[in-house]
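Read-outs throughout are calculated quantities, based only on the coordinates presented, and are distinct from any laboratory measurement. Keep in mind that what you see is a predicted model, and the values were worked out from it rather than measured. Here the Cβ is made from the backbone with ideal geometry for all residues, glycine too, and neighbour counts use every protein chain on show.
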Amino acid sequence: MERKKASKKGENGSALIMGGSEEFVGAVTLAGQGALRTGCDIVTIAAPEKVAWIVNRYSPDLITHKISGKTFTLKDAKEMVKHADRFDAVLVGNGITRKADRFCQHFVRKSQKLKVIDADALKSLSFKDFSNSIITPHETELEMMLVNSQKEFLLPKLRKSNAKEKADILQGNLRYFLQNNNVLLLKGATDIIISRNKVAFNRTGNQGMTKAGTGDVLAGLAIGFLAKTKDLFKSAVAAAYINGFVGDALLKKKKGYSFIASDIVEDLAKFQKISKSVTSTEKKKVAKKKVVQKKIAKKTVKKKVAKKKKR
C-alpha cells in the first residue's frame, strides 16, 4: 500500500489489540509486532496491568493501555467500546482466556468498529454476534461456534469435505453472518477465506506452523492490514498468504521445522524484498514462455509457407 509523502503519524493505520493474561503474555506481543510489520503506524496493546508492563519491557514500539485486575471484566468492556473509537480497527482475543468471556461477548456485540476476533474470544460467541469483523478460527474453534449457533448438523458434512466443499457449505449456511459485513478466515492446511460474494484459498504455510504463536502473528497481520485498508476480505487474504509465505521461507532457511513464531515476526521485515524477488522471477519465467511461444509460432508459420510453395 502506497503512502502519501505528506502523511502524518496515524494516517497509515492505528490498531488496538485487546488480550493477554498472566498465562499468555506472548500472544498479544506477537500480535502487536505482526501488526507493526504491516506498516501500521500505531499499535496499542490493552492488557491487564502486569501483562502490559511485560509488553513494555519486551518492545519499545508498542504502546500499552493498562487494565486494572488480572483479567478483562464486563465493566472493562463498556469502557473499551468507547476507547476503541479512537482507532481504525480492533483485535480481540489473543491470550485473553475464557475468564474474559463476558468481556468478549459485550464488546463484540456492541462495538461497530472494524474488528478481528481470534482465539478464546470466539469460543463463547455465535455467528449472529458479529458485525464488521474478520474471524479467524481453526477447525476446533469453528466447531464450537457452530454448536453455539445451533448449526451442529453441519459438522458431519464438514469433517468429510475438502477445502472447496467446506467453502460451499459454509458460504451457503452462514448467510446472516456474511451479509452482516463479516469475513471468515478458517485456518488449516489450506486456509479458506469467505465473504458474502467471494471465496479464496491460501496454500502457503507448512506443518512447522502448528507452533504456538503463529496464529497470533496471523491475527496481528490481519488487524494491521485492516487498520490501513479498511477492507475485510483483502486484509484476511493478505494476512493468510504472507504468514504462510514467510513460514515457507523459514522452513527452507532453517532446513526443518525448528522455526518459531517470533522468527516469523523477525522475517516479516524481509517479506517485501523476498516477494519482489519472487515476482521478478515469475515475470522472467512468463517472459521466457512468451519468447518460446513466439519462436514456435514463427516455425509453424514457416512450415506452412514451405508446404504451400511445394504445392
A student applying the Cα gyration tensor rule (rounded when a/c is under 1.5; otherwise prolate if a/b is larger than b/c, oblate if not) would label the stretch 181-244 oblate
Flagged as over-length at 27 Å C-alpha distance, from LYS82/LYS128; LYS123/LYS211; LYS164/LYS270; LYS110/LYS151, the pairs are LYS164/LYS270
Quick calc of log₁₀ I(q)/I(0), the stretch 53-142, Debye, one scatterer on every Cα, no solvent, q values 0.23 1/Å, result -1.27
The answer for ILE67, listing residues at least 5 apart or on another chain whose modeled amide H is closer than 5 Å to its amide H, is ALA47, GLU49
Taking Cα pairs closer than 8 Å and at least 6 residues apart, the relative contact order of the chain in percent is 17
Rounded to the nearest 5, the percent of antiparallel DSSP beta bridges in the chain equals 25
Extension length gain for LYS164 and LYS255 (0.36 nm per residue less Cα distance), in nm, is 29.6 nm
Within the chain, excluding any GluC sites (Glu not before Pro) found in a DSSP loop (not H, G, I, E or B) and having at most 16 other Cβ atoms within 10 Å, the longest uninterrupted segment runs 24-311
log10 I(q)/I(0) for the stretch 121-182, Debye formula on C-alpha points only (no solvent), q = 0.15, 0.17, 0.26 Å⁻¹, two decimals, reads -0.41, -0.54, -1.30
Candidate span helices, the chain: DSSP H, at least 20 Å along axis from Cα coords, Kyte-Doolittle average at least -0.5, result 214-229, 232-254
